[in-house]
Amino acid sequence: MSIIYINPYRFAAAAAYDPDAQSYITAVEAADGQALEVGVKDAINAFVVGCKADGIWAAIKAACIMAGARTLAGALVPLVGTAPTNFNFVAGDYDRKTGLKGDGSSKYLDSNRNNNADPQNNQHIAFYSPDYNSAAPIIASNDAGSVNGMALLTSGNARSRTSTNTLYTSTDPFIAMSRASAAAFNVRYNGSTVSSSVASEAPTSRPILVYRLKNFAGNDVYSASRLAFYSIGESLDLALLDARVTALVNAIGATIP
């Protein structure tokens, strides 16, 4: 009788992804109708695992990775929270490597997270935009007459639960702000975090919009920038989120031809 040798390493199971990462990947692939590249899936898993290791994952309450997915439907699958509502974006606005492009006139997302969903002094918003062709707001909850909204612009004002603007000009694709106290909030831009000493006000019940703001005069202002990521939630370390998001977008870009 012959002896048959079996190499146990040949049949070893592939390393499993983090459950939250796998759930998101499965949902994106279902929306796309086909599988993602292994490199894209690895990048997503590394982001989720890294955010958990950094202690910032739980603070992210609504987020979309708007790169990597094969279709617009896949790009709007939420990484965390409720899916955004799409107003007027079409397939041609989406690029797998660089994200979803606004038009500056009519296209926006409703994040389906409210301005008062997070505590007054415990809140962040962030985005990654590879271009800066518009000074219009990227993420905002203001409405006509509102004095305590929050907004992040590609170049210009940052505001967190207050009517007072703080002026910044950034050439770095990652821009974010986080409020963890009543007295001040932090802004991340150009690879650095700075503090703005502006007291907070009680948040009004306003939808947080992406690519659109209704300004104090009641006029709708839209962004023409491209986004590869956005997140909304409780306060967190902006430098850590910057590093994770930048690594994620770079890894996706390196994988996709």
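Read-outs throughout are calculated quantities, based only on the coordinates presented, and are distinct from any laboratory measurement. Here the structure is a predicted model, which is why all the values come from computation and not from measurement. Counting neighbours? That spans all protein chains shown, and the Cβs are built from the backbone with ideal geometry, glycine included.
Can you tally the lysine pairs in the stretch 18-255 where the Cα-Cα distance is under 18 Å and the two residues are eight or more apart, or on different chains?
For the stretch 18-255, the number of qualifying lysine pairs is 4.
Can you pull the Rg over Rh of the stretch 18-255, Cα-only, Kirkwood?
Over the Cα atoms of the stretch 18-255, Rg/Rh equals 0.94.
Report P(r) for the stretch 206-257: all Cα-Cα distances, bin width 10 Å, range 0 to the bin holding the largest distance, values in whole percent.
Final binned percentages: 17, 35, 33, 13, 1.
Would you list Ser196, Ser111 from fewest to most Cβ contacts within 10 Å?
Ser196, Ser111
Go through the stretch 102-110 residue by residue and turn each phi into a ³J(HN,Hα) via Karplus (6.51, -1.76, 1.60, θ = phi - 60°); whole Hz please, and just put x for glycine and proline.
The phi angles translate into x, 10, x, 9, 8, 9, 7, 10, 9 Hz.
What is the extension gain from Ala91 to Asn114, computed as 0.36 nm multiplied by their sequence separation minus the C-alpha to C-alpha distance, in nm to one decimal?
Net length gain for the segment: 5.6 nm.
Quick one: which residues, 5+ away or cross-chain, put their amide H under 5 Å from the amide H of Asn112? H built at 1.01 Å from N.
Amide H to amide H, under 5 Å and 5 or more residues apart or across chains, Asn112 pairs with Thr85, Ile208.
Explain nothing, just the number: dipole magnitude of the stretch 18-255 about its Cα centre with +1 on each Lys and Arg Cβ and -1 on each Asp and Glu Cβ, in debye rounded to the nearest 20. Each step should come with its number before you reach the end.
Values: 18 positive and 20 negative charges, 69 e Å.
The dipole of the stretch 18-255 has a size of about 320 debye.
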